[in-house]
Amino acid sequence: MTTATAAFNPASAIRRHHHITLCVGGAQEDYDFHTQVLGLKSVKKTALYDGDTPIFHLYYGNDMGEESTLVTTFPMRQSGRLGRRGTNQTKVLMLSVPESALPFWRGRLDEHGFAVTETEVFGEKRLSFAHPCGIEYELVGTGDDDRAPYSHGPVPTEYAIRGTHGITVSVRELELSHDFMAAGWSGRLTQEETDRLRFEVGDGGSGRIVDFVAEPGLDQAGWMYGEGIVHHTAFQVNGRDVQTAVKWHLEGLGFTDVSERKDRGYFESVYVRTPGGAMFEATVSKPEGFTIDEAADSIGREFQVPPQFADQKDALLAFLEPLKY
């Protein structure tokens, strides 16, 4: 038994969300939605690290892009590929706002032309609407979220988004996801309804929530990159030793569809395809974070060329769709 394995506690390895990544439509449409409507900071402008065809990778969050404040996107409209929605896929991104801010957000979304529905699930008041490409979003009113919002955006800080709240994963049945979360992903079952389960990781609460909803009547979702779907949810772990131990633990449970460690420039990632089909990621931030290629007072301002295109900057920028910021 290695030291890493001996120190590994499967009940607490997964700490909180790190980021949530979406396959969206046009880059400008997505950029304006997240920065001008939702009021998030543009934390990084780069390109997808996988594959040989350039695709933007845009990051949004708070001032420094801290873990669990991040939403990242792959604008796919340029590729012409549409994602296939359905069950066995993450379907809803929940973002945390102060409960007292919900009337402000209702008015703001109305003013920007978004259809909004007020709902309540697991005792939480929510505003449900959709990204311009169709991905479901919910602003969830919370009372005890002390994460710092973006401090210089178009939304006053007292109303601003604090970060991720949770995700909702559509599955055909709940039992297999229950087994995965409890045995493999440090999840504690904290609430349940007839067709829903709520798990929380780490210390629990906003930024640490994974909900599952049983929707057996939907068609099987697709896994290819394509406009209009959630691609994956990343969760923070404390160091490479823990990340390695999470991989070994999952493989020891029989979840052998676990990737090798991948360097994503600002963090390192290990991916797993969950039993219901949604992709999760165990993520270790690099100490420099988003300042690894930009100064702290200017992160997100300029496009950063990923390593595989390092000698093709001009061609890369000419190929990618125009983006004004």
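What the table shows:
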item	result
Subset of the range 38-55 (residues that are at pLDDT 95 or above, surrounded by fewer than 23 Cβ atoms within 10 Å (Cβ to Cβ) and not charged (D, E, K, R))	GLY39, SER42, THR46
Strands (runs of 3 or more DSSP E) completely within the range 90-157 that count 1 or more residues being without any contact (Cβ under 8 Å) to a residue 60 or more places away in the chain and crowded, with 20+ Cβ neighbours inside 10 Å	124-130, 136-142
Flag for SER170 being crowded, with 20+ Cβ neighbours inside 10 Å, within 17 Å of ARG208 (Cβ to Cβ) and touching a Phe, Trp or Tyr at 6+ places or on another chain (Cβ under 9 Å)	no
Residue that is surrounded by the most Cβ atoms within 10 Å (Cβ to Cβ) [pool: residues in the range 199-243 that are in a strand (DSSP E or B) and among the small types (Gly, Ala, Ser)]	ALA234
Verdict on PHE255 being at pLDDT below 95, of a type outside the set (Ser, Thr, Tyr) and buried (at least 16 other Cβ atoms within 10 Å of the Cβ)	yes
Residue, nearest to GLY205 (Cα to Cα), within the range 173-194, restricted to residues that are among the small types (Gly, Ala, Ser) and part of a loop (DSSP other than H, G, I, E, B)	GLY187
Any pair with Cβ under 9 angstrom, 6 or more apart, that starts in the range 310-325 at a residue that is under 23 Å from GLY39 (Cα atoms) and ends at one that is aromatic (Phe, Trp, Tyr) and part of a helix (DSSP H, G or I)	LEU323/TYR31; LYS324/TYR31; TYR325/TYR31
Near pairs, Cβ below 8 angstrom, 6+ apart or cross-chain, from the range 264-292 (touching a residue at least 24 places away in the same chain (Cβ under 8 Å)) to any residue that is among the basic types (Lys, Arg) and buried (at least 21 other Cβ atoms within 10 Å of the Cβ)	TYR266/LYS44; PHE290/LYS44
Selection within the range 287-324 - part of a loop (DSSP other than H, G, I, E, B), over 21 Å from the mean Cα position of the chain (by Cα) and exposed (fewer than 14 other Cβ atoms within 10 Å of the Cβ)	ALA295, ARG301, GLU302, ALA310, ASP311, GLN312, GLU321, PRO322, LYS324
Residue within the range 58-66 that is more than 18 Å from the chain's Cα centre (by Cα) and on the phi < 0 side of the Ramachandran plot present	no
Subset of the range 244-254 [part of a helix (DSSP H, G or I) and farther than 16 Å from ASN9 by Cβ]	GLU251
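The values are calculated or read from the model by the stated rules, or taken from the named source; none is laboratory data. Computed from a predicted model, the values in this text were never measured in an experiment. Here the Cβ is made from the backbone with ideal geometry for all residues, glycine too, and neighbour counts use every protein chain on show.
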